[in-house]
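S.K.: Please see the structure below; I have some questions.
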Amino acid sequence: MELRPCVIQYIDLHHTAGHEANTAQVRQEHLNQGWGDIGYNAVIEMDGTVGMGRDIKYSGAHDPGMSPDGVHTMNQAAYAISHIGNFMQDIMSDAQFWPSVRLCAQKCKEFGIVPSKTTIRRHKDQYPTDCPGNNFPYERYVNEVIHLMKGDVMVDEGILIYGPDDFVPARRLAATLNNEVAIFMRNEQGMPPAAIKTAKHLFVIGGGEVNHPNQTILAGANWFATVAAVGKKLGY
């Protein structure tokens, strides 16, 4: 395998075009082709598991197209994130979408990449292929990475708990929500973290109202009353 001859400047998005069970199966498919390792740097499995791919010290084997720098191929200049599935036919679930977005934002921070359509690219943007598929949610993907990097709203539902004892009812509530969910906890003074602003809607379990434009209070005079309020919300 070639040692990477340049710094990573781009993120390159792919699909496997198959329905492999996991990253290990994708790696084996690539090894069966005589490659030194899996071609991608990361694989997002269908349940959202992030599988580790090729070490970044080596160039990839995912996209021989020329990068925008006009000097290196995307194999050399990009961090490759692939997604199990065929997005010429499939629709990506949020369970797979959000872990990929978070990984992409993390790698943009790590490599000093300013997210945009120039730096977060699709395989087909520089090579004659359908990859990552016409159904890949590219516009939404790039926008959400930008929002995450800026600290903008990233989750549909947030749950603010008063203390560790509220974690169990919070988890039960989170399990009933179909959207992306984040759980936050107040500090020792009962103040919420600033990160609650990253939720479009906030459930407050325990304690009073907070500075959030869209909140639902699930609290009582004591812990038992708070649990009862959550249970009522859940239909118990």
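The values are calculated or read from the model by the stated rules, or taken from the named source; none is laboratory data. Since this is a predicted model, take the numbers as computed values, not measurements. Glycine gets a Cβ as well: all are built from the backbone with ideal geometry, and neighbour counts include every protein chain shown.
S.K.: Being out of contact with any Ser or Thr (no Cβ under 8 Å at 6 or more places or on another chain) and over 16 Å from Asp156 (Cα atoms), is that true of even one residue in region 200-208?
M.R.: Yes; the residues of region 200-208 include at least one that is out of contact with any Ser or Thr (no Cβ under 8 Å at 6 or more places or on another chain) and over 16 Å from Asp156 (Cα atoms).
S.K.: Confirm whether Cys108 is out of contact with any Cys (no Cβ under 6 Å at 6 or more places or on another chain), assigned to a helix (DSSP H, G or I), over 26 Å from His212 (Cα atoms) and among the hydrophobic types (A, V, I, L, M, F, W, C).
M.R.: Answer is yes for this residue.
S.K.: Quick check, is Asp94 within 27 Å of Lys150 (Cβ to Cβ) and modelled with pLDDT under 95?
M.R.: The answer is yes for Asp94.
S.K.: Working only within region 28-51, note down all residues that are crowded, with 18+ Cβ neighbours inside 10 Å and more than 21 Å from Lys107 (Cα to Cα).
M.R.: If the condition is that a residue be crowded, with 18+ Cβ neighbours inside 10 Å and more than 21 Å from Lys107 (Cα to Cα), then His30 is the only one that fits.
S.K.: Looking at this structure, is Gly190 over 21 Å from Ala42 (Cα atoms), buried (at least 16 other Cβ atoms within 10 Å of the Cβ) and among the small types (Gly, Ala, Ser)?
M.R.: no
S.K.: Looking at region 47-76 only, could you name the residues that are among the aliphatic types (A, V, I, L, M) and over 18 Å from Leu103 (Cβ atoms)?
M.R.: Across region 47-76, the qualifying residues are Ala61, Met66, Val71.
S.K.: Let me ask something else about it. Conditions first: (1) surrounded by 16 or more Cβ atoms within 10 Å (Cβ to Cβ); (2) over 19 Å from the mean Cα position of the chain (by Cα). Thr16 passes all but one, so which condition is the exception?
M.R.: Unmet condition: (2).
S.K.: Would you mind telling me which numbered condition in (1) out of contact with any Gly (no Cβ under 8 Å at 6 or more places or on another chain); (2) buried (at least 18 other Cβ atoms within 10 Å of the Cβ); (3) part of a helix (DSSP H, G or I) Asn75 fails?
M.R.: (1)
S.K.: Restricting to region 129-172, and then to whatever is of a type in the set (D, E, K, R) and touching a Leu at 6+ places or on another chain (Cβ under 7 Å), can you tell me which residue is surrounded by the most Cβ atoms within 10 Å (Cβ to Cβ)? Walk me through it before giving the result.
M.R.: Just the residues of region 129-172 that are of a type in the set (D, E, K, R), to begin with: 130, 139-140, 144, 150, 152, 156-157, 165-166, 171-172.
Those still in the list that are touching a Leu at 6+ places or on another chain (Cβ under 7 Å) too: 157, 172.
Numbers: Glu157: 19, Arg172: 15.
That would be Glu157.
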